[in-house]
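*Asks:* So that we are looking at the same thing, I have put the structure below in structure tokens.
The values are calculated or read from the model by the stated rules, or taken from the named source; none is laboratory data. These numbers were taken from a predicted model, which means no experiment stands behind them. In this analysis, Cβ positions are derived from the backbone assuming ideal geometry, glycine residues included, and neighbour counts consider all displayed protein chains. Areas reflect the complete protein model, heavy atoms only, side chains present, ligands, DNA and RNA absent. Shrake-Rupley method; radii C 1.70, N 1.55, O 1.52, S 1.80 Å.
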Amino acid sequence: MTLQLALRHRFAGFALDVDVTAPPGVTVLFGPSGSGKTTLINAVAGLLRPDAGRIAVADWVLLDTKARYCLPRHKRRIGYVFQEGRLFPHLTVRQNLLYGRWFAPRNVTPEPLDRVVEMLGIGALLERRPAALSGGEKSRVAIGRALLSAPRLILADEPLAALDEARKAEILPYFERLRDEISVPILYVSHASVEVARLATTVIALQGGRVAAIGPPERVLGDASAVGAREVASLLRARVVAHHDDGLSELATAAGALHLPRVAGAPGTVIRVRIAASDVILSRAAPVGLSALNILQGTIAEIQPGRGPAARVVLAVGAERLIARVTLRAVAALSLQPGQTCYAILKSVAVAPEDVGR
Amino acid sequence: MTLQLALRHRFAGFALDVDVTAPPGVTVLFGPSGSGKTTLINAVAGLLRPDAGRIAVADWVLLDTKARYCLPRHKRRIGYVFQEGRLFPHLTVRQNLLYGRWFAPRNVTPEPLDRVVEMLGIGALLERRPAALSGGEKSRVAIGRALLSAPRLILADEPLAALDEARKAEILPYFERLRDEISVPILYVSHASVEVARLATTVIALQGGRVAAIGPPERVLGDASAVGAREVASLLRARVVAHHDDGLSELATAAGALHLPRVAGAPGTVIRVRIAASDVILSRAAPVGLSALNILQGTIAEIQPGRGPAARVVLAVGAERLIARVTLRAVAALSLQPGQTCYAILKSVAVAPEDVGR
Amino acid sequence: AAGDVLVFAASSLTTALDRVGAAWSAETGHVAVMSYAGSSAHARQIQQGAPADIFISASTDWMDALEVSGDLRADTRRDILGNRLVLIAHGGDVPPVTLDETLDLVGLLEGGQLSMALVEAVPAGIYGRQALRALGLWDIVAPHVAQSYNVRSALAFVALGEAPLGIVYATDAAVEDAVTVIATFPQDSHAPIILPAAITAQSTSPEALSFLEFLISPTARTIWADHGFDVPG
Amino acid sequence: MWGVLAGWLGPAEWEAVRLSARVALWATAVSLPFGIVTAYVLARWEFPGKQVLNGLVHLPLIMPPVVTGYLLLLALGRRGPVGEVLEQWFGIVVAFRWTGAAVAAGVMAFPLMVRAIRLAIEAVDPKLEQAAGTLGASPVWVFLTVTLPLILPGIVAGSILAFAKAIGEFGATITFVSNIPGQTQTMPLAIYSLLQVPGGEDGAARLAIVSVVIAMAALLLSEFVARRVARVVSGS
Amino acid sequence: MWGVLAGWLGPAEWEAVRLSARVALWATAVSLPFGIVTAYVLARWEFPGKQVLNGLVHLPLIMPPVVTGYLLLLALGRRGPVGEVLEQWFGIVVAFRWTGAAVAAGVMAFPLMVRAIRLAIEAVDPKLEQAAGTLGASPVWVFLTVTLPLILPGIVAGSILAFAKAIGEFGATITFVSNIPGQTQTMPLAIYSLLQVPGGEDGAARLAIVSVVIAMAALLLSEFVARRVARVVSGS
Ligand SMILES: Nc1ncnc2c1ncn2[C@@H]1O[C@H](COP(=O)(O)OP(=O)(O)OP(=O)(O)O)[C@@H](O)[C@H]1O
Ligand SMILES: Nc1ncnc2c1ncn2[C@@H]1O[C@H](COP(=O)(O)OP(=O)(O)OP(=O)(O)O)[C@@H](O)[C@H]1O
Ligand code: MOO
Ligand SMILES: [Mg+2]
Ligand SMILES: [Mg+2]
């Protein structure tokens, strides 16, 4: 279900002007504070009526100002995780969670409550009211409330910002599952490139109310001008080969074998692995005697000097691209040139569980 | 100014029981959602009257339930950055920022408004009211409001959670400056180990309302049970030697020279560098021909197997400890043993600007 | 309480009429229910179809108005009672005065107020103004008059000592110990104080006539006189 | 408690107490739904003529009660245009019945009720209502499940104001439905009658005390309810 | 507008209009600070006897206006305990003066004002007040800089209710200060007088219209002010 977002809206000191169409899956809105992410998402939810525009999920039109059509918000069947929670103060956590279910059509089977509660770790809070929750607990309940409303479209505005790493790692796979199994379109705001890599089918990089880049994450994440030099990463497609007894999983990529801490998925499953450009070490000769288990061979496709002391070296590995961020001094010392064969060294443990997704 | 925090407080399903004394500087509260960080900080601010306890900054007592003493909150001279903003809706951003100044004693010189406004990038918002701000803009104004009140104690509850990486990198040095130049004691809640490493003089790891660990960040961050295995890092003390023309700075550490993307500080300045354990590659032989510029020599002091496929290898480098997180398979392949000499390989660019602080 | 006769009566009749009603009940076995309020309200309510059987007005004008609008049963109007207007003073031993144009009423007030009922609205006030005018006292005393919305309230001002003098009905003055009657207005200084009664046009009560007649029966007359009313011959 | 009261008061007074309680309860209960709707419309809608509605609601507060009573009499009396329609079409007669006293009390209390509820509605964060909308609740459901529970303290406050006003209402009642013992003689009217009688002050004081006690009891109850509700909502 | 009105009305009626406006304005203005303090105390403090204060504030609403007026007379009359002290110590006399009418109107309007303001105070998020406290504002300053601006719509609502009630107040006023043309004859008293005599309806209607117009003007103004304030606070 493609998502059409064509919108124009002006505030006193800010103008949003967007016209993009995103393919089915998770569309991540990425961009600095004040770039218009919440404004855009509010328009999709029907909380803001934009000056002009058209919003549609596949052929289901939510808004078309030209045709003077605007679906009321309660008919949009949206699960919106608000940036500021917005829990109902007079309802218990359980009642908050089940609120949307009262209004869900009879013929849909919503997620089971228990499953969501367990994933979010809020079982002990069910009878409390929001005023007695911590900040992170509130955001978890807000996520649960949106997921349990059997939505046809999920909007999530920095849902994980208030959570610790461990909790994030537990919740991220859930969004993946929604994307893959239930195929609910998701519009997801995030500042964290880890989340982008993990979830995004499409990334929209917003800057000052305009689209700076749009595309699959492997392209947008590789684009320093869209995500910032330090956030550049590659996404490698990999197939699970085997899970070894020492806790490592063996993956096959276009560039050779990868050994990573146990990943989910039976042998044969195709997954994608985010490799931060700054985690990759390059060597002209095949290195030996290192604790790093992963050594991938490739050809230097391009060397892009950045504005700082570092350059991005793009390796072609099979049909894919692996980006390394190295210092200019190292480029000189190793006299790296496009066309050379080169080895990329990658620590298994540098790839965090959050970096591995489907 | 040491910070004494001795507190006991019960909620229906939660008990806080803390008794620690932190040395002057920034004390970071670190811990999962719901572990009691906000509860603790509210007690310090005087928003929550704990069942029992004593809170004192040096010899300035804020609360002593035994002596039945409780300083009213408006006399505590606190700059509190709330987890949920709490901006005054009826005041403009400028009035919000200057609110605390009306009540500051005449004899203190508060921060200049312009400086804070510029650092936070909120110059264009000064005449707006909070309802017209984005989520991240609100949290920036909340930070500014607390800083501008000329506080004797700063409390910050996840102040940067809603911000993008670039903005975080701009604001962090400001807190450092407060710590170093104005020597305001700061109690800072964070989930991000980067912020911990950068700011903390002392880290208090909370778990379920109790103190899991307290100590200087190099110790607490090296303790997998306190911060979680994936967040383990070392903090190396380093002296700036020179800034080179190619944008790299040369630092001297107990373990040898380090080359990092330009750091702040004139030659001679002593800084500290956070090195994530998962960014360190080990080699028995001195490696050659790698793009990684930093190769530090040390002796294996200890090998701590973790619960997953990885182990932490602690190297003694001079008087300091450098921790590497490597797979058990690599430990076996390289037959690493305590007492062996070993080389640690570290990419320059793996150290982010946020990882370098004073 | 469902009664046989519903009587709309002027507030000033409150106790006396209750006793008359009780006597009627004792004699006939029927029950009369009294509604006490201002006569203006009653008259308007009757015009709007109030289920009253008998109307006893505080003055003739509202009875006239009902007669004109056809809300009274023909030939049932009777003047049943009269009253006297008196000048009262606060306290127990105040010497009487003579009411004529030489009376220094303002001087007697000593800077205080003369308490009356509303001089344009409430009968006691209307009669009082007529009398003062006739005596040539009104123009001097007018600025010192405090008007209340009924006689009882005017009496209360004097009883409490808030006003040194007041003009009320003799029937009211008689029951208040804190005031002394210092003069009675000559009957010819004001229009006759008459309380008329009549059966309403829409009354269907078979007992209405019996009650109306009873109001001027000897038993009733005794009770009226007891309360200080004049009973016309 | 009723027993003791009934013994202390004479039967006519007791009758007035019971009548007043009935009148005030009905006046409050029946006007409540209208009050909530009116308050909501005034708080959240914009339409031409809104200020006319607003003014109309406030009329009984502004005009002397006697005038309000007189207008009610003109409109709702048996010969009044509305009264006639009510009687002929629905068989409802309010004139000179206790129901009419309840109408007068309700009309007089209406502006107080509406203001309190309206203030409460205006204090509800529209963001919560928006959130409920995104979760599929239609405007009516949003109102029932979010707005209404959140304004409960305001509804309680408005109802108690209205009840207290209804207990004390005098001028409009006596002008509209007269002062008929057992039918329309509420406590304030009984007090008025007693004050006409020499020596009636004792009875008047007794009734005044009773009316104060009843209203206070209602007040305390409402405070208690409001606090419970507020505690639930604030979650502490 | 005043000119046209003055021409339409007789001089006595015009006098009543001016007096009413003065009485209602003073009644509202003078009781406002007390109303705010009382509302704050009732909303935010807990102390023994709180419910007694609460009941006392509501008394004028519960009791028939005539009884309230009578009690005022007993207390504040020249011979009343409070009245005597006021007169001898401060030289203030309210009995039979327009100031007394203002007192009566103010007392009758007080419960309405307090309820509206109290409701507004209860809707202010204590978290904002806490935040102000941490920034160094003492409780008084917190009130002045945070609570007060946030409850302005409630204060406006409370004041307009009180003003409207004061414009319409009849029973307590006439019982307390009686009806002295030019001193205490407010519009409702003039209207009452006119209604007592057959054929007085026309004059009564004229005055009623004037009092409604004045109160409506105040109402519209207050709506306008409240909306401006609300817009500023919500920032849109
Ligand atoms: N008023 C309350 N009543 C009952 N329980 C409460 C109350 N406030 C907080 N709690 C509970 O106390 C625990 C600690 O809350 P606290 O807000 O201190 O957590 P936190 O460490 O700040 O978490 P987070 O990172 O999610 O903000 C939580 O389990 C929370 O549910
Ligand atoms: N009601 C409003 N009136 C005027 N300007 C507004 C209003 N709401 C938002 N803005 C401005 O529009 C811009 C975009 O806001 P938006 O909330 O969409 O940002 P965002 O991308 O979600 O940022 P963040 O990551 O900080 O939440 C901001 O500059 C903000 O100040
Ligand atoms: O002000 Mo009234 O007319 O006594 O209810
Ligand atoms: Mg946002
Ligand atoms: Mg918290």
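*Asks:* With labels modelled as points extended 7 Å from the Cα through the Cβ direction, what inter-label distance (nm, one decimal) is found for residue A:75 paired with residue B:2?
*Replies:* Placing both labels 7 Å beyond Cα along the Cβ direction yields 6.8 nm.
*Asks:* How big is chain C on each of its three principal axes, counting only the C-alpha atoms and giving the largest first in Å?
*Replies:* 56, 34, 31
*Asks:* Just how far, in whole angstrom, is the range E:83-122 from the range B:182-255 if you go by their alpha carbon centroids?
*Replies:* Answer, in whole Å: 66.
*Asks:* If you take the beta carbon distance between residue A:285 and residue B:302 as r and set R0 to 45 Å, what does 1/(1 + (r/R0)^6) give as a FRET efficiency, to the nearest 0.05? Write out the running numbers ahead of the final one.
*Replies:* Working: r = 32 Å, r/R0 = 0.71.
It comes to 0.90.
*Asks:* Would any residue of the range A:150-180 have its amide N under 12 Å from a label point 7 Å out along Cα→Cβ of residue A:264? List them or say none.
*Replies:* Under cut-off, by backbone N: A:169-180.
*Asks:* Further question on the same structure: Relative to the isolated chain, which residues of the range E:115-132 have their accessible area cut by 50 Å² or more in the presence of all protein chains (1.4 Å probe, heavy atoms, no ligands or nucleic acids)?
*Replies:* Buried on complex formation: E:115, E:119, E:127, E:128, E:130.
*Asks:* Right, here's the next one. So, in nm, how far is label residue A:201 from label residue D:22 when the simple model puts each one 7 Å beyond its Cα toward the Cβ?
*Replies:* 6.9
*Asks:* By how many nm would the segment from residue E:53 to residue E:209 grow when fully extended, if each residue of separation counts as 0.36 nm and the alpha-carbon distance is taken off?
*Replies:* Between residue E:53 and residue E:209, full extension yields an extra 52.5 nm.
*Asks:* Quick one: pull the percentage of alpha-carbon pairs in the range D:132-192 with a separation above 16 Å. Kindly include the intermediate steps, with their values, before the conclusion.
*Replies:* Values: 1113 of 1830 pairs.
Result: 61 percent of Cα pairs exceed 16 Å.
*Asks:* Also, I was wondering about something else. For n ≥ 4 DSSP H runs only, could you compute -39500 (n - 2.57) per run for chain B, divide by its residues and tell me the 222 nm figure to the nearest 500?
*Replies:* My calculation for chain B gives -5000 deg cm²/dmol from helical runs alone.
*Asks:* Considering every pair of different Cα atoms, what Kirkwood radius, in Å, is found for the range A:90-196?
*Replies:* Values: mean 1/r = 0.0704 Å⁻¹.
Its Kirkwood hydrodynamic radius stands at 14.2 Å.
*Asks:* Follow-up question, since we're still on this one. Could you compute how much accessible area chains E and B hide from each other, both sides summed, with a 1.4 Å probe? Nearest 100 Å² is fine. Present the calculation step by step, with values, prior to reporting the outcome.
*Replies:* On the way: alone 12880 and 16260 Å², together 27170 Å².
Buried surface at the E/B interface: approximately 2000 Å².
*Asks:* Would any residue of the range E:53-73 have its amide N under 17 Å from a label point 7 Å out along Cα→Cβ of residue C:175? List them or say none.
*Replies:* Nothing falls inside the zone, counting backbone N under 17 Å.
*Asks:* Can you pick out the pairs among A:75/E:127; D:50/D:127; B:37/B:168; D:127/E:50; D:50/E:127 whose Cα atoms lie more than 30 Å from each other?
*Replies:* From the list (A:75/E:127; D:50/D:127; B:37/B:168; D:127/E:50; D:50/E:127), the Cα-Cα distance tops 30 Å for A:75/E:127; D:127/E:50; D:50/E:127.
*Asks:* Let me ask you something else. What is the percent carbon and sulfur in the accessible area of the protein assembly as shown, measuring with a 1.4 Å probe over the protein chains and ignoring ligands? All intermediate terms of the calculation are to be shown ahead of the outcome.
*Replies:* Working: 30470 of 52520 Å².
Summing carbon and sulfur atoms, their accessible area is 58 percent of the total for the protein assembly as shown.
*Asks:* Relative to the compact-globule scaling 2.2 N^0.38 Å, provide the ratio for the alpha-carbon radius of gyration of chain B.
*Replies:* 1.07
*Asks:* Just to be sure I understand: with springs between alpha-carbon atoms less than 10 Å apart, which residue in D:64, D:48, D:153 has the highest mean-square fluctuation in the Gaussian network model of chain D?
*Replies:* Among D:64, D:48, D:153, the largest mean-square fluctuation in the Gaussian network model of chain D belongs to D:48.
*Asks:* Modelled label-to-label distance, residue E:46 and residue E:92, 7 Å Cα→beta-carbon offset: nm?
*Replies:* 3.5
*Asks:* What is the distance in Å between the Cα centres of the range A:83-130 and the range B:276-350?
*Replies:* Their Cα centres are 46 Å away from one another.
*Asks:* Please list, ordered by chain and number, the residues whose modelled amide H lies under 5 Å from the amide H of residue B:302; skip anything fewer than 5 residues away on the same chain.
*Replies:* Amide H to amide H, under 5 Å and 5 or more residues apart or across chains, residue B:302 pairs with B:314.
*Asks:* Also, I was wondering about something else. Tell me, what are the semi-axes, in whole angstrom and largest first, of the equivalent ellipsoid of the protein assembly as shown as set by the roots of 5 times the Cα gyration tensor eigenvalues?
*Replies:* 86, 31, 25
*Asks:* Convex hull over the Cα atoms of the range A:233-357, averaged projected area in nm²?
*Replies:* Details: hull surface 30.0 nm².
Here the figure is 7.5 nm², rounded to one decimal.
*Asks:* May I pose another question? Mind listing the Cα extents of chain E along all three principal axes, in Å, largest one first?
*Replies:* Dimensions of chain E along the principal axes of its Cα atoms: 65, 46, 30 Å.
*Asks:* When the chain is fully extended, how far beyond the present Cα-Cα distance does residue A:333 get from residue A:115, taking 0.36 nm per residue of separation?
*Replies:* This chain segment gains 73.0 nm when fully extended.
*Asks:* OK, next. Mind checking Rg over Rh on the range A:192-248, alpha carbons, Kirkwood formula for Rh?
*Replies:* Details: Rg = 14.5 Å, Rh = 12.7 Å.
Rounded to two decimals, Rg/Rh equals 1.14.
*Asks:* Plugging the Kirkwood radius over Cα pairs into Stokes-Einstein for the range A:226-283, at a temperature of 25 °C and a viscosity of 0.890 mPa s, what D comes out in µm²/s?
*Replies:* Value of D from the Cα-based Kirkwood radius: 198 µm²/s.
*Asks:* Moving on to the next point. The range B:151-270: D in µm²/s via Stokes-Einstein (Kirkwood Rh, Cα pairs, 4 °C, 1.567 mPa s)? Let's see the in-between values first.
*Replies:* Values: Rh = 16.0 Å.
Rounded to a whole number, D works out at 81 µm²/s.
*Asks:* To continue, here is another question. Lysines near residue E:165 by alpha-carbon distance under 18 Å, same-chain residues fewer than 8 away left out - which ones?
*Replies:* Reachable lysines: D:165.
*Asks:* Something else now. Just how far, in whole angstrom, is the range C:32-105 from the range E:10-71 if you go by their alpha carbon centroids?
*Replies:* The distance from the Cα centre of the range E:10-71 to that of the range C:32-105 comes to 35 Å.
*Asks:* Compute the accessible area per residue over the protein assembly as shown, keeping the other protein chains in place, probe 1.4 Å, unit Å².
*Replies:* Counting only protein heavy atoms, the per-residue value for the protein assembly as shown is 37 Å².
*Asks:* Whole-Å semi-axes of the range A:1-140's equivalent ellipsoid, largest first, each the root of 5 times a Cα gyration tensor eigenvalue?
*Replies:* One finds semi-axes of 31, 19, 14 Å for the range A:1-140.
*Asks:* Now a separate question. Can you tell me the FRET efficiency between residue C:106 and residue E:225 if r is taken as the Cβ-Cβ distance and R0 is 51 Å, rounded to the nearest 0.05?
*Replies:* For R0 = 51 Å, the calculated efficiency reads 0.60.
*Asks:* At a Förster distance of 25 Å, what's the computed FRET efficiency of residue A:319 paired with residue A:340, Cβ-Cβ distance as r, to 0.05?
*Replies:* 0.85
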